[in-house]
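Take a look at the structure set out below.
The values are calculated or read from the model by the stated rules, or taken from the named source; none is laboratory data. Predicted model only: the values in this text are computed from it and were never measured. When we count neighbours, we look across all protein chains shown, and the Cβ atoms used for this are built from the backbone with ideal geometry, even at glycine. For the accessible areas, the whole protein counts, side chains as well, though only heavy atoms, and no ligand, DNA or RNA atoms are used. Shrake-Rupley method; radii C 1.70, N 1.55, O 1.52, S 1.80 Å.
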Amino acid sequence: MKKLVKRLLAVLMALAMMATVLSTVAFAATPQNVKQYKSYVSLGDSIAAGFSMPDYLNKRHGKYVIDPQRIEGSYPALIADTLKVKNFYPYACPGYRSNELRFLLDNNYEGDYITQKWVATLSHLDSNTLEGMNARRPAYQNAVKTSDVMTLDIGLNDTWLPVMGAIQEIMYQGDPAKSVEQMEKDGAEASNDLDSVMKDLSVIMTSPIYAPKLIDATYKILTMSDYLENYEAIVNRIYELNPNITICALSTYNPFRDWPEAWAAPLKQAAQKALYDKMNNQKKEFAQKYGDKFLYIDINDLPPVRHDSFEKVLATGSMGMWDPHPTEAGHKYIADKVIEALPTK
């Protein structure tokens, strides 16, 4: 009798394990059985815009960045093709923070002083002026209203652009009239050695006029206070515009994670805890709150980004040797993760 009971228990356990495996397989969509959608909108920054992808480089025509458009091989384009959508709105744009995306979706929100004055300069895109973004509001809001599904990928720029915006405000005394070309010329003529940088920083930090703005920008990054507020407002506004849309919210990955130097390990860990964990935990909370209308897409295991050692970046004085954007393999990985999270037909 005891042997029979043990055998029955073993059979039941085996069946339970099989059921678990089968249920996982059944609910994981594939390109062949994923639900089809009529309209898809991609909202985000340079990652979602396909920055650094071969097609992006071909279409920029000498410009640092380009206006939102379909970039072949980018994860939004791959998703659009897999879902066989009739309408695809690739509305991600390099240089955007959560502030700018919130501005585009909510006519009652006017952003901060960076939105008002410095986004065009920081993104190297002339159309990213306040007037240019204001003119885009109807298109962005209509895309959200008429889409069945979206990917929401915003946050990477929130971890550094506030400080860069504060520096722009300080360097040019609140006047964004200088052209991008002039600013690049100023940068080329400036000394980039560590002593000069530390001297400039010392002047800023000891100035009663400049220090508060830079300190405030740094505080907002370390606490992620602006981002967390903006992201919640963005999600609420999306559902206000379209209560039925499915949001695929991508996690924000640590762009410094692939630095090979041993000394960088504690810095990478500190950044993960102070910044990226806070951002992603909020998204996980929204996934619990909204259920299958808000899907958290964990892409933290993204294939390595294009990078070189920090020593080589310092030696050349060029950040061009470090590119935090996904490679072609990275975009494919992201697209696959989104498809897996969506329902089947």
Task: Residue ID - modelled with the lowest pLDDT, chosen from residues in segment 215-243 that are open to solvent by less than 40 Å² (accessible area, probe 1.4 Å) and outside any helix (DSSP H, G or I) - done: M224
TODO: Please indicate, with yes or no, whether at least one residue in segment 249-256 is in contact with a strand residue (DSSP E or B) (Cβ under 8 Å, 6 or more places away or on another chain), at pLDDT 95 or above, of a type in the set (A, V, I, L, M, F, W, C) and within 17 Å of A48 (Cβ to Cβ).
DONE: yes
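So that you can scan it fast, the table gives a plain yes or no per residue for (1) polar (S, T, N, Q); (2) part of a helix (DSSP H, G or I); (3) at pLDDT 90 or above:
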site: A274; (1), (2), (3): no, yes, yes
site: Q282; (1), (2), (3): yes, yes, yes
site: E285; (1), (2), (3): no, yes, yes
site: Q288; (1), (2), (3): yes, yes, yes
site: L295; (1), (2), (3): no, no, yes
site: I299; (1), (2), (3): no, no, yes
site: P303; (1), (2), (3): no, no, yes
site: V313; (1), (2), (3): no, yes, no
TODO: Please enumerate the residues belonging to segment 50-83 that are assigned to a loop (DSSP other than H, G, I, E, B) and at pLDDT 95 or above.
DONE: G50, R70, I71, E72, G73, S74
Open item on the list: Quick check on segment 90-103. Is at least one of its residues surrounded by fewer than 22 Cβ atoms within 10 Å (Cβ to Cβ) and not in a loop (DSSP other than H, G, I, E, B)?
Closed with: no
Open item on the list: Please verify whether E261 is closer than 22 Å to F103 by Cβ and in contact (Cβ under 8 Å) with a residue 12 or more places away in the chain, treating the condition exactly as stated.
Closed with: no
Task: Residue check, G44 open to solvent by 10 Å² or more (accessible area, probe 1.4 Å) and at positive phi - done: no
